[in-house]
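Single-structure report; data block below.
What follows draws every value from the coordinates through simple rules; no lab data is involved. Every value quoted in this text rests on a predicted model; they were computed, and no experiment measured them. Cβ coordinates were reconstructed from backbone atoms using ideal geometry, including for glycine residues, and neighbour counts include every protein chain displayed.
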Amino acid sequence: MNNHGLATIALLVGSNVFMTFAWYGHLKTMSARPLWYVIAASWGIAFFEYCLQVPANRIGSMQFTVAQLRIIQEVVSLLVFVGFLTSFLKQPLKLDYLWAGLCLVGAVYFVFRSQ
């Protein structure tokens, strides 16, 4: 993997951290806030997600196909989410998450095997 690939993955990881907090962080930190406030705060966080996600796709398109970028995004998204789920929300991992992860490994294999 060249520098474009590594930069793409690093940007996607950062993007997904912001995305995960925008989507789920309020469940722990803003449960007493009005919905309009939570929506506004989530949009503010999502701005930073897009500041990383858009360059990730532009850089990534120099090395990967759009389908490959999408599969990479899904894998990164779930890995970040599992970390968020266990460390921030303090929810346990389940064996079913492993099976879902193995399905994603299969998706990665099939989308990259023709290279």
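Structure summary
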quantity	calculated
Average Cα contact separation per residue, the chain, under 8 Å, 6 or more apart, as relative contact order %	34
Formal net charge of residues neighbouring Met19 (Cβ-Cβ distance under 13 Å; K, R +1; D, E -1)	-2
Top positive-direction residue, dipole computed over the chain with Cβ charges, set Leu85, Leu102, Leu52	Leu85
Stretchable slack from Leu35 to Asp96, in nm (0.36 nm times residue separation minus alpha-carbon distance)	18.8 nm
Cα shape, the chain, gyration tensor, a/c 1.5 rule	oblate
